[in-house]
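The values are calculated or read from the model by the stated rules, or taken from the named source; none is laboratory data. Here the structure is a predicted model, which means the values were calculated and not measured. Note that we place each Cβ from the backbone using ideal geometry, even for glycine, and neighbour counts take in every protein chain shown.
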Amino acid sequence: TIKMGRVFIVDLEGKVYSCIHCKTNLTKDQDIMSKSFKSRGGQAYLFSEVVNVSTGNKEDRMMITGLHTVTDIFCVGCGLNVGWKYVTAHDVSQKYKEGKSVLELYKIVGPHDSNDLVCQQVSQLMIQ
């Protein structure tokens, strides 16, 4: 589906995580729900709210915690696939994930004043 129209970018304040490619704001540090997620590319965080993303098609994926219906999420600034959003968790114990998004750390850059060592390392790599 091709969507036409003007893209409005939400600017966030405070400790912000942004797209590593175009620096579009995606979420805030206070929206982290869990730092213990994994993706094919490495470590990932679960966030309660993410902005400035578009979604792909819904699909069922078997993950470590069971079957989930998810949609990939893409930065509206550059189109980079930055993670996925949980649409439906088929296991009752995983229902808390529904409507939440996972961002892959190697695709985002975190706040420079964060205590998060991984984001500081990624930020340093970007500067070099």
**Asked** Which of the residues that make up segment 1-51 are part of a loop (DSSP other than H, G, I, E, B), in contact (Cβ under 8 Å) with a residue 24 or more places away in the chain and among the basic types (K, R)?
**Response** K3, K15, K23
**Request:** Give the residues of segment 76-88 that are more than 9 Å from the chain's Cα centre (by Cα) and surrounded by 14 or more Cβ atoms within 10 Å (Cβ to Cβ), sorted by residue number.
**Result:** V76, G77, L80, Y86, V87, T88
**Request:** Looking for whichever is among the aliphatic types (A, V, I, L, M) and surrounded by fewer than 18 Cβ atoms within 10 Å (Cβ to Cβ) here; the options are I20, I9, I73. Which one fits?
**Result:** I9
**Request:** Among the residues of segment 43-85, write down those that are over 12 Å from I108 (Cβ atoms) and in contact with a Leu (Cβ under 8 Å, 6 or more places away or on another chain).
**Result:** V51, D60, R61, F74
**Message:** If I filter segment 52-77 down to residues being in a loop (DSSP other than H, G, I, E, B) and not hydroxyl-bearing (S, T, Y), which single residue comes out as farthest from N25 (Cα to Cα)?
**Reply:** I64
**Residue count for segment 78-108, restricted to those that are within 24 Å of S18 (Cα to Cα), without any contact (Cβ under 8 Å) to a residue 60 or more places away in the chain and part of a strand (DSSP E or B)** = 6
**Asked** Considering segment 36-77 alone, what residues qualify as being modelled with pLDDT under 95 and within 20 Å of C22 (Cα to Cα)?
**Response** G41
**Item:** Complete set of residues in segment 16-52 that are under 23 Å from K97 (Cβ atoms) and charged (D, E, K, R)
**Value:** K28, D29, D31, K35, K38, R40, E49
